[in-house]
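Readers should treat all values here as calculations from the given coordinates under stated rules, not as data from a laboratory. Only a predicted model underlies this, so the values are computations on that prediction, with no experimental measurement involved. A quick note on method: Cβ atoms are made from the backbone with ideal geometry, for glycine too, and the neighbour counts reach across all protein chains shown.
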Amino acid sequence: MSFTDSTDSGSDRPVSVLWGCELSGARSSCTFRVTEDWRCEQQLVLRTACLGESARDEFHVLEVVTEDGDDRAPVPLATLKPSVLPSTSLAGVELNPPVTFRLRAGSGPLYVSGQHVSSEYRGCP
């Protein structure tokens, strides 16, 4: 069940913080993780992926790897090109941390944005 589907508002309240990262040739991966001391449910709700103004006119492929480790296959999320599709909506993509985003092809900059949603239950820090 996603945080947006929660119907029991008496026991928890979602807290949302903006999140984003930049992927480029200098930094081709970014990992979203939550510290071990968080006992509350965490989710990363993606919103958009867009190319920066200095992106070259080539294909830029954004992929995601869920969970820690290399045992999971990467999943392509978006293929962008400035002259064709410079940005796209990622609405509906909700991921549980840890999650690693990688620029599989292209030199970027490619920006990923979303919301870090934490469901604060009674007894959580």
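When each of the peptides 16-29, 44-57, 75-88 is scored by how many other beta carbons lie within 10 Å of its residues on average, the order from highest to lowest is 44-57, 75-88, 16-29. Relative contact order, whole percent, for region 12-121 stands at 50, derived from Cα pairs under 8 Å and 6 or more residues apart.
Taking each residue as 0.36 nm, the span from residue 105 to residue 40 lengthens on full extension beyond its C-alpha to C-alpha distance by 19.9 nm.
Label separation (residue 18 vs residue 57): 3.1 nm, computed from points 7 Å beyond Cα along the C-beta direction.
Report the charge-dipole magnitude of region 12-121 in Debye, nearest 20, computed about the Cα centre from +1 at each Lys and Arg Cβ and -1 at each Asp and Glu Cβ. Mind showing how you got there, number by number?
Values: 10 positive and 15 negative charges, 72 e Å.
So the dipole magnitude of region 12-121 works out to roughly 340 debye.
Modelled spin labels at residue 94 and residue 72, positioned 7 Å past Cα toward Cβ, are 1.6 nm from each other. In region 12-121, with Lys and Arg counted as +1 and Asp and Glu as -1 at Cβ, which of these residues, 21, 42, 84, has the Cα nearest the positive end of the dipole, that is, farthest along it? Final value for the positive-end residue is 84. The C-alpha atoms of region 12-121 occupy a region whose extents along the principal axes are 46, 28, 21 Å, arranged from largest to smallest.
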